[in-house]
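For reference, the structure is listed below as structure tokens.
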Amino acid sequence: MSSPQLQRKLGALACVSIVVGAVIGSSIFMKPATMAGQLGSSQWLIIVWVGAGIISLFGGMINAEVGSVLPETGGQYIYFRHMYGDFFAFLAGWAGFMVVNTAAVAAIAFVFAEYAQYFFVLPRFDEVVEKSWVIPIPYVGKIYPLAQIGVKGLAMAVVLAVTWINYYSVRISGSFQVFFTALKVLVLLLLICLIFFSGKGDIGNFTMASSSIHLSGWALVGGLVAATSGALAAYDGWNNLGMVAGEIKNPQRNITRGLLIGIGICILMYILTNLAYLYMMNVDEMRGSVLVASDALYKVLGAAGGGLIALLVMVSTLGAVNGNVLPCARITFAMGLERHFFSWAGKVHPRFHTPANALWLHALWSCLFVFTGSFDMLTDMFVFITWIFYGFAGFGIFILRKKMPNAPRPYRVWGYPIVPAIFVAFTLFYFVLTIYNDILNYLDGKTPVINSVLGLLLTALGIPLYWYLKRKPKPAASSEQM
């Protein structure tokens, strides 16, 4: 009996929904406040959001061409195997499991749980107990697992519940994604309209600078890099579509449509949302806000506005958790299927036709991240590692055009080779300055962990594992079912 296979059940609307659903999550409701404090300027804030959107669109264009040439489940793992070979593909897939995809799910679920506190009190230990258990990481920092234990418990429950939906049915999880993506776009449109049509804001905030933060020279460069990390975290997720390419109908056409339309929607929604925040709050008010979306809407609707936005954020983040859970385990699944990871990770459930083992493996590791981390730590870490591999993917398009010159390309990157070159140059610049900035902030006591270095260490753990798996005898392909 042949092994069960993944089935192509995702259409064009599902593709756009996966992109928008994975991208629009928690960061747009949290990061603008942090970014305002890093920049001290409303103009720079909008410029960073536009710039990060354009760079993400360039990355989406690159992925659209590569995905149309290699429409297989596994996304960047499959791309890198053709571009750079098995070792680099494994390292990228390992990083996706160990750092990028699981940390992204954990971070989004964390925000869902934080906003849930608006409606009910989640248990929490006192400060002494929270700091009684410390996990020190030499030369990296300290982690406090008992901090915000109630928030972490709810976040883990969300991860497990969404994983179960994806384990049970790809069709239901796809429909779930379409529904929540439409809902979250409506959520942002409602937020934007309520604020702009309230007449209670001030357009002067669009040009007002901070009264206390005046950056120039290298201080401004550092602020721009730090703020760009926040914006890139908000845009991250556009590459998820390639991970489910083996389950997409007419993938050559729908992958391209999903990426370009999806990223375009996200850029528009993010710029409008940030303008709405600035309309209600000047940059100094924004940087002092803990929940910037709630604080902006509070000025329009009072206490009811805070409750409404909390509910809307929970809807948005729930859809984003699904938007990341649905595709991300497919990389680990593809690695297991090709015997480049533990073979049990490549099993398809015989009844549900889903990558069951890979899904639950990702869920458990995401829960561990929730337990040990926090929103800012998780987002900064996964974005940094993500963009390292995005840079290699951008350079890889030159390699792929040389290796596979005659392969059908239903979509070709506009502006080739300039657009990919700009994208690669940006990722190199971002890599160097982020490490510099992270170490400087750690030495100054601004952050408890050097997030970029922690991400690199976790990624490097894949090197000895690769050689262990390579030396381990490969089991013969089996038709055995789970």
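The values are calculated or read from the model by the stated rules, or taken from the named source; none is laboratory data. Owing to the predicted nature of the structure, the values given are computational and were not obtained by experimental measurement. Counting neighbours? That spans all protein chains shown, and the Cβs are built from the backbone with ideal geometry, glycine included.
Scanning segment 405-420 for residues that are surrounded by 15 or more Cβ atoms within 10 Å (Cβ to Cβ) and modelled with pLDDT of 90 or more turns up 419, 420. Restricting attention to segment 344-371, the residues being more than 18 Å from the chain's Cα centre (by Cα) and more than 23 Å from residue 168 (Cα to Cα) number 1. Scanning segment 280-297 for residues that are surrounded by fewer than 21 Cβ atoms within 10 Å (Cβ to Cβ) and closer than 16 Å to residue 192 by Cβ returns 294, 295. The set of residues in segment 160-192 being touching a residue at least 60 places away in the same chain (Cβ under 8 Å), over 30 Å from residue 271 (Cβ atoms) and hydrophobic (A, V, I, L, M, F, W, C) consists of 160, 165, 170. Among the residues making up segment 328-384, those that are hydrophobic (A, V, I, L, M, F, W, C) and either in a loop (DSSP other than H, G, I, E, B) or touching a strand residue (DSSP E or B) at 6+ places or on another chain (Cβ under 9 Å) (or both) are 341, 342, 348, 352, 377, 381.
Looking at segment 406-435, I want the residues that are closer than 23 Å to residue 257 by Cα and have a partner that is surrounded by 15 or more Cβ atoms within 10 Å (Cβ to Cβ) and among the acidic types (Asp, Glu) with Cβ atoms under 8 Å, at least 6 apart or on another chain. Which pairs are those? Going by the 8 Å Cβ cut-off, the qualifying pairs are 409/65; 411/65; 412/65; 413/65.
Only one of these is under 18 Å from residue 323 (Cα atoms) and assigned to a helix (DSSP H, G or I): 111, 66. Name it.
Only one candidate passes the filter, namely 111.
The residues in segment 55-75 that are of a type in the set (A, V, I, L, M) and either touching a Ser or Thr at 6+ places or on another chain (Cβ under 7 Å) or at pLDDT 90 or above (or both) can be counted, and the count is 2.
Among the residues of segment 351-404, those that are over 16 Å from residue 454 (Cβ atoms) and of a type in the set (Phe, Trp, Tyr) comprise 352, 360, 389, 390, 392, 395, 398.
Filtering 44, 49 for residues that are assigned to a helix (DSSP H, G or I), within 13 Å of residue 231 (Cβ to Cβ) and over 21 Å from the mean Cα position of the chain (by Cα) leaves a single hit, 44. Scanning segment 108-136 for residues that are of a type in the set (Gly, Ala, Ser) and within 16 Å of residue 153 (Cβ to Cβ) yields 109, 113, 116. Here residue 136 fulfils each of the conditions (1) of a type outside the set (Phe, Trp, Tyr); (2) in a helix (DSSP H, G or I); (3) free of Cβ contacts under 8 Å to residues at least 60 places away in the same chain apart from (2).
Any residue in segment 71-79 that is of a type in the set (Gly, Ala, Ser) and over 19 Å from the mean Cα position of the chain (by Cα)? No.
Of the residues in segment 253-264, none is surrounded by fewer than 21 Cβ atoms within 10 Å (Cβ to Cβ) and either outside any helix (DSSP H, G or I) or aromatic (Phe, Trp, Tyr) (or both).
Filtered by the rule that a residue be closer than 30 Å to residue 221 by Cβ, assigned to a helix (DSSP H, G or I) and either more than 25 Å from the chain's Cα centre (by Cα) or of a type in the set (S, T, N, Q) (or both), segment 390-437 gives 398, 418, 427, 434, 437.
Please count how many residues of segment 220-252 are of a type in the set (Val, Ile, Thr) and either over 20 Å from residue 21 (Cα atoms) or part of a loop (DSSP other than H, G, I, E, B) (or both).
Applying the first criterion (of a type in the set (Val, Ile, Thr)) to segment 220-252 yields 221, 225, 228, 244, 248.
Then drop every residue that is not either over 20 Å from residue 21 (Cα atoms) or part of a loop (DSSP other than H, G, I, E, B) (or both), which leaves 221, 225, 228.
Residues flagged as of a type in the set (Val, Ile, Thr) and either over 20 Å from residue 21 (Cα atoms) or part of a loop (DSSP other than H, G, I, E, B) (or both) within segment 220-252 amount to 3.
Each residue in segment 290-324 was checked for being in a helix (DSSP H, G or I) and over 15 Å from residue 112 (Cα atoms), and 10 pass. Taken over segment 195-207, the criterion of being crowded, with 18+ Cβ neighbours inside 10 Å and either closer than 20 Å to residue 265 by Cα or under 30 Å from the mean Cα position of the chain (by Cα) (or both) is satisfied by 195, 205.
Just one residue in the set 10, 39, 6 is farther than 20 Å from residue 109 by Cβ, at pLDDT below 80, crowded, with 23+ Cβ neighbours inside 10 Å and hydrophobic (A, V, I, L, M, F, W, C); that residue is 10.
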